[in-house]
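Below is one structure, written out as C-alpha cells, with a few remarks after it.
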Amino acid sequence: MELGRRLRQARLEHGLSQRQLCGDVITRNMLSQIENGSARPSMDTLSYLAAQLGKPVSFFLDEDSVATPNLHVIERARLLYAQKEWTQLLSQLQQYRDDAGGFDEERWLLQAVCLTELAEQALSEGNRYYAHQLLDEAAQAGTCTMYYTREHERRRLILLAEATDAPVTLPQEDRGLLLRAEWMRKAGKPEQSIALLACCADQTCARWHWLRAEAAFAVEDYEVAISHYRKAENEYGQRCYERLEACCRAVEDYKMAYEYACKRRNDS
C-alpha cells in the first residue's frame, strides 16, 4: 500500500479531519497532496504525522521509500549533525541524489545549518571571504526548505555582518526576507514563502500582509488569505479586491464576494 493511502487510512481510523491532523505544523493542502500521492513528506513531517496517529514511521514507509539511496545518506548526516562534525556532514550531503528525493526538506535544512556553522568557524580563523561565501550558500539552501526558521536566518545575518562589516538592522533584514519570500512565491513554492515571512521582525506592514495572503491563496488556505488581504487592501486596492472576491466565493461567503465585486467596479 502506498504511503499516502496508509496515511489516509490511519487518519480515518482515528476519526480525524485533515485540518485536525495538520494542526499548525503543515497546511491542509500539503496533507491532501501527500494522501493522494502527488507529494512526499519530509522525514520531519512524516515523524510528526506518525506521532499524531500513534504509529511508528516505519508503518507508512513502503519498500520503495526504504530503498531510496538517500535514506542512508540522511541517516549518516543526522549522526554527523549530532556529533557536530560539520566538514564531514557537508561532504556527506554532497552524496545526496536530487533525482531520488524523499528527504529534500531535511537535506536543505541540514545543509543550511552546516554551512552557517562552517562560516562561523571560518570567521574565528580570520577567513572572512570564505565565511561570506559559505553564508551566501546557506541563504540559498534556506530558501529550499520550509523548516528554515527566523532564528536560522537571524544568526546567518549576524555572521554576515561580521564577515562584511555591514551593520545589521531589522528593517534591512526584513527587506531581504520579503524579497526572497516574493521570489519563492513566484517560483511556485508558497510553503517556503510562508516560512520566510514568518522570519520577519515586522509583520504589520501592508506588503508583508499582501505576500502572506498571496502565499495562503496559493495553497488554498482561503480563510487565512482573507484576513491578510483585508489588512493590505488600503494599499493594494484592486488587486486585493479581486483576490478577496475569489476567496469569499471559495468559502461560500457570497455576500462578501458581492461587496468586493462592487468595490472592484467602483474603483475601476
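Between ALA198 and PHE59, the distance separating the two model label sites (each 7 Å from Cα on the Cα→Cβ line) works out to 2.5 nm. Would you indicate which of (1) 181; (2) 120; (3) 136 is the value of volume of the Cα convex hull per residue in Å³ derived from the coordinates of this structure? It is the one labelled (3). If a spin label sat at a point 7 angstrom from the Cα of SER38 along the line to its beta carbon, the backbone N atoms of the stretch 235-268 nearer than 19 Å would be those of 247, 250-251. A Förster radius of 45 Å, combined with the Cβ-Cβ distance separating VAL251 from SER124, puts the computed FRET efficiency at roughly 0.25. The GNM of the chain, with springs linking C-alpha atoms under 10 angstrom apart, assigns the highest mean-square fluctuation among GLU235, GLU13, GLU214 to GLU13. Here the chain is treated with +1 on each Lys and Arg Cβ and -1 on each Asp and Glu Cβ, and its dipole about the Cα centre works out to around 600 debye.
Scoring 192-200, 117-125 by mean Cβ neighbours within 10 Å over their residues and listing the highest first yields 192-200, 117-125.
Structure remark: mean-square fluctuation, Gaussian network model of the chain, C-alpha springs under 10 Å; the largest value among LEU46, LEU211, LEU135 belongs to LEU46.
How big is Rg to Rh over the stretch 88-137, alpha-carbon atoms, Rh as the Kirkwood inverse-mean-distance radius? Mind dumping the intermediate values first?
Details: Rg = 12.2 Å, Rh = 11.6 Å.
Reported Rg/Rh, Kirkwood definition of Rh: 1.06.
Here the Gaussian network model covers the chain, with springs between Cα atoms less than 10 Å apart; of VAL113, VAL219, VAL57, VAL57 fluctuates the most. Would you mind checking the stretch 112-140 for residues with the amide N under 18 Å from a putative spin-label position 7 Å along Cα→C-beta of LEU179? Counting only backbone N, you get 132-140. Relative contact order for the chain: 11 percent, from Cα pairs under 8 Å spaced at least 6 residues apart, divided by residue count. Once the Cα-Cα distance is subtracted from the 0.36 nm per residue extended length, the ARG97 to ASN266 segment shows a gain of 55.4 nm. Please label the shape of the stretch 198-239 as rounded, prolate or oblate, based on the square roots a ≥ b ≥ c of the eigenvalues of the alpha-carbon gyration tensor (a/c under 1.5 means rounded; beyond that, a/b larger than b/c means prolate, else oblate). In terms of gyration-tensor shape, oblate.
Electrostatic tally near GLN192: other residues with Cβ closer than 11 Å to its Cβ, Lys and Arg +1, Asp and Glu -1, net +1. Once the Cα-Cα distance is subtracted from the 0.36 nm per residue extended length, the ALA206 to ARG28 segment shows a gain of 61.5 nm.
Ignoring ligands, DNA and RNA, what accessible area per residue does the chain give at 1.4 Å, in Å²?
Details: 14130 Å² over 268 residues.
That works out to 53 Å² for each residue.
Dipole orientation for the chain: of the candidates ALA138, THR204, PRO69, THR204 has the Cα lying most toward the positive pole (charges on Cβ; Lys, Arg +1; Asp, Glu -1).
Relative intensity of the stretch 1-156 on a log10 scale, I(q)/I(0) at q = 0.09, 0.20 Å⁻¹, equals -0.34, -1.23, per a Debye sum over C-alpha point scatterers of equal strength in the absence of solvent.
Within the chain, count lysine pairs with alpha carbon atoms under 24 angstrom apart where the residues are 8 or more positions apart or belong to different chains. Could you put the intermediate results ahead of the total?
Numbers: LYS186/LYS231; LYS189/LYS231; LYS231/LYS255; LYS231/LYS263; LYS255/LYS263.
Here the count comes out as 5.
The values are calculated or read from the model by the stated rules, or taken from the named source; none is laboratory data. This is a predicted model, so every value here is computed, not measured. Cβ sites come from the backbone with ideal geometry, for glycine too, and all protein chains shown count toward neighbours. Side chains included, ligands, DNA and RNA excluded: accessible areas come from the protein's heavy atoms. Shrake-Rupley method; radii C 1.70, N 1.55, O 1.52, S 1.80 Å.
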